[in-house]
Amino acid sequence: MGALNLIGATPASAVSSNDFVATAESRAGCPYVWGAEGPDAFDCSGLICWSLAQHGISIPHYSGAQIQTCIDAGLGISVDDALGTRGALLHYDGHVAISRGDGTTIEARSPSQGTGIFSAAGMGWTAGGLFPGVTYGDSPAPPPADPGDPADGYWGSDTTRHLQAVLGTPQDGVVSSQDVHWKAQNPGLGSGWEWVSAPTGSTVIRAMQERLGVAADGLIGPGTITALQTYLGTSADGCFSAPSACVQELQRRVYAGQF
């Protein structure tokens, strides 16, 4: 049987959760506008509507109706399960987000934060669900940013946790509220980086900047990256390639409890 379309039709084939999440992530950096449903601005439920619509699936444009759709289809799940399921719905009264399965979300969060990748922690989620028409667990998620050898040159959540431990900041594995303008230019930055259109900065980046003796605004950018590359003795070009020699040296140090 084909995947259910919520206005009564049946798509030719279901969309994988990976493809659904990737579609939503393609809108990172777009502004939050109440009632907007894309393609260049969204509210929280509008991002989900647009992302599913790209794969032939229709769902109501209202956060409460979206979680209720999952529940009515027998696809309600716990918040803990949703946090660990790529492409699951996370809900609290008046707001919804798409879980990335790793403790982060892709969502249109607020007018000040816009659309991007955020930590799912501390949001007060009350329910989770799976979307009819999306297949879960039938295809592998993208590899984590820190697989295998910790000094792999990709800065993901595990690298961030170790850096946070070394610098004495809260350890949640998230580099929060970073300027989405720099995302594409730094492919060596992986899971746990929050990319938004109106950034406010991260405590761990601010602490690192203080150690490096540069302006401590909490935002990663060419100036901070160049200073880190110079400090670590690697080629200084102001960006993190994939993999990055600078990130590899940073990983070697923080995994040894040093900076």
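The values are calculated or read from the model by the stated rules, or taken from the named source; none is laboratory data. The shown structure was predicted, so the numbers you read here are calculated from the model rather than taken from an experiment. All Cβ positions, glycine included, derive from the backbone under ideal geometry; neighbour counts span all protein chains shown. Heavy atoms of the whole protein, side chains included, go into the accessibility calculation; ligands, DNA and RNA do not. Shrake-Rupley method; radii C 1.70, N 1.55, O 1.52, S 1.80 Å.
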Restricting to the chain, what percent of DSSP beta bridges are antiparallel, rounded to 5? 70 percent
Want the number for S241 to A53: 0.36 nm per residue separation, take away the alpha-carbon distance, what's left? 64.3 nm
With no solvent and one equal point scatterer per Cα, compute the Debye intensity ratio I(q)/I(0) for the stretch 102-241 at 0.14, 0.20 Å⁻¹ and report its log10, rounded to two decimals. -0.70, -1.36
Might you tell me the accessible area per residue for the chain, computed with a 1.4 Å probe and given in Å²? 41 Å²
How high is the relative contact order of the chain, in percent, counting Cα pairs under 8 Å that sit 6 or more residues apart? 17 percent
Could you give the nm distance between label points at H181 and E210, where each point is 7 Å from its Cα heading toward the beta carbon? 2.6 nm
For a quick check of understanding: with a 1.4 angstrom probe and all protein chains in place, what accessible area in square angstrom does V214 have, to the nearest ten? 50 Å²
From Cα coordinates alone, what are the radius of gyration and Dmax values for the chain in angstrom? 19.0, 61
Please work out how much accessible surface C246 shows to a 1.4 Å probe, ignoring ligands, DNA and RNA, in Å² rounded to 10. 0 Å²
